[in-house]
Amino acid sequence: MRPGYIVPDGVAWVVGDDEDSHGPAVYLTQVRAGVPIALEGTAAQIWDAARLVPADEVAEEIAVATGQSTDAVRHSVESFLAELIVRGLLQVREPDSGGLDG
Amino acid sequence: MAGGRDLDSNPMRQSEIALPAWARLSLAHAVVEHLARDAGVDLLHIKGPATTARFRLAGRTSSDVDVLVRPSHVARLTSALEAADFEPRTGFESGSIFRHAANLHHRYWGWVDVHRLFPGFGVDASVAFEQLWQRRGTATIAAYDVQVPSVLDQALLILLHGARDTARGRVDIDRVRAALTAAELDQVERLARGLGAEVALAATSGDLDRFRDRAEHDLWVVASEGGTRLQEWRARFRAATTLPEKAKLCGEVLLVNRDHLQMRLGHEPSRAEWLRATGHRPVVALRELGTLLARRLPDRRRRR
């Protein structure tokens, strides 16, 4: 199975519906920390793509979504993914941990 | 990159953010479930996003997390919530005429209503909870699994809640009854009998008269149709079946509840404010008594 990301246990999240005026949004919290976090715009798109597609396709997804080349967005996307991992909002999927969405 | 600029300047907002109400509520259910699990507390999420879509009204949004807690675990839950910065606002004794719920508030997560019993159940609260717990299911709220009553128990809870909600109750009752098959409705009535909830359920179908002799009859008349404070106290007095309960009610009639006064004033009442409100109570009672007598006297004259 190709490397990817999953949402760690203990993270609750909801995806903003299309009626939200400020574009794509994800609202989430680590239930243990109990602090709300909002990802909006591209940040939300990256988090959402990361749980749905293999790791090496995330930058490509964001490039398509933002109308830019994959090379132009790759660095920002990878930096942000690293930050999401540090904050415990995503984790690298272990090879035998099954589906992409945790 | 336009998105990249957003990404670099403000990739995520945290802490003091105003989430949309629906998102806040969903995440709050998950947070409360986590705190309960961590503290070894059995609880069931009721109402709002915990309700099956079959019974939900499109466009209706809840404002608080409602949970029904195993009565012996209530203190443990409130301690866990308070340790997580939920502030107690209204106690069980002052929440409603049924004294069923306490409210806590959190600066991020809003209100939590902790129910130690569900108004309408006639059996002991622990027995009622155990019945619901044995039949419970799981719902996923904010990608987080929470414990909820069975679908038919949810129907019963909505009906019983509707019976005492003079504003929106009729809509809820009609919607749930319409969503149930005849066989399911029979099952809900059977569940109600098992929980001693026949009187409250009768209030949802205009059948209260059948239970005129039951102690809680008047309470459900007032709850479902409304009434003066005097009628409410009278109904509560009738529903209180033991001497200590009746004695406690007598004390409450005379003394103004501090939590209620605080909510009305918007600040903690001073001793002087509380004394003034308590002193005013007999005046209100006399005024209501006068109104009641004025209404009854013409009736009597007509009968003569």
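Bear in mind that the values in this text are calculations on the coordinates, not laboratory data. Everything numeric here is computed off the predicted structure, so don't read it as measured data. Every residue, glycine as well, gets a Cβ built from its backbone with ideal geometry; the counts of neighbours run over all protein chains shown.
The mean sequence distance of close C-alpha pairs (under 8 Å, at least 6 residues apart), as a share of the length of chain A, puts its relative contact order at 36 percent. The largest-to-smallest principal axis extents of the Cα set in segment A:5-92 are 38, 31, 17 Å.
When the chain is fully extended, how far beyond the present Cα-Cα distance does B:GLU268 get from B:ARG175, taking 0.36 nm per residue of separation? It would help to have the intermediate numbers written out before the result.
Numbers: separation 93, 0.36 × 93 = 33.48 nm, distance 4.04 nm.
Result: 29.4 nm gained on full extension.
Distance between the modelled labels on B:THR166 and A:ALA55, one decimal in nanometres: 6.3 nm (7 Å Cα→Cβ projection).
Phi angles across segment B:155-160 convert, under the Karplus curve 6.51 cos²θ - 1.76 cosθ + 1.60 with θ = phi - 60°, into 3J(HN,Hα) values of 4, 4, 5, 5, 4, 5 Hz, Gly and Pro given as x.
Phi angles across segment B:171-186 convert, under the Karplus curve 6.51 cos²θ - 1.76 cosθ + 1.60 with θ = phi - 60°, into 3J(HN,Hα) values of 4, 5, 4, 4, 5, 5, 4, 5, 7, 8, 6, 4, 5, 5, 4, 4 Hz, Gly and Pro given as x. Overall, the anisotropy analysis places segment B:157-231 in the oblate class: the square-rooted eigenvalues a ≥ b ≥ c of its C-alpha gyration tensor yield a/c not less than 1.5, with a/b not exceeding b/c.
Quick check for me: using +1 on Lys/Arg Cβ and -1 on Asp/Glu Cβ, what's the dipole size of segment A:5-92 about its Cα centre, in debye to the nearest 20?
420 debye
Computed from Cα atoms alone, the Kirkwood hydrodynamic radius reported for segment B:49-169 is 15.3 Å. The separation of segment A:27-44 from segment B:100-117, counted between C-alpha centres, amounts to 22 Å.
Give the average, rounded to an integer, of partner chain Cβ atoms located within 10 angstrom of each Cβ in A:68-76. So the per-residue partner count for this stretch is 2.
Tell me whether segment B:105-176 comes out rounded, prolate or oblate; compute the Cα gyration tensor, take square roots of the eigenvalues as a ≥ b ≥ c, and use a/c under 1.5 as the rounded threshold. Please list the in-between numbers first.
On the way: a/c = 1.38, a/b = 1.11, b/c = 1.24.
Here segment B:105-176 falls in the rounded category.
Per-residue mean of foreign Cβ neighbours for B:141-149 is 3 (Cβ atoms of other chains, 10 Å radius). First measure r as the distance between the Cβ atoms of B:GLU93 and B:ARG193, then evaluate 1/(1 + (r/R0)^6) with R0 = 22 Å and state the FRET efficiency to the nearest 0.05. Efficiency, rounded to the nearest 0.05: 0.15.
Near the amide H of B:GLY196, within less than 5 Å, lie the amide hydrogens of B:GLY122, B:VAL123, all on another chain or at least 5 residues away, with H placed in the peptide plane. Applying the Karplus relation 6.51 cos²θ - 1.76 cosθ + 1.60 with θ = phi - 60° to segment A:48-63 yields 3J(HN,Hα) values of 5, 5, 4, 7, 10, 10, x, 3, 6, 10, 5, 4, 5, 4, 6, 4 Hz, where x marks Gly and Pro.
Take each peptide in B:25-36, B:266-277, count the other Cβ atoms within 10 Å of every residue, and average; sorted highest first, the result is B:25-36, B:266-277.
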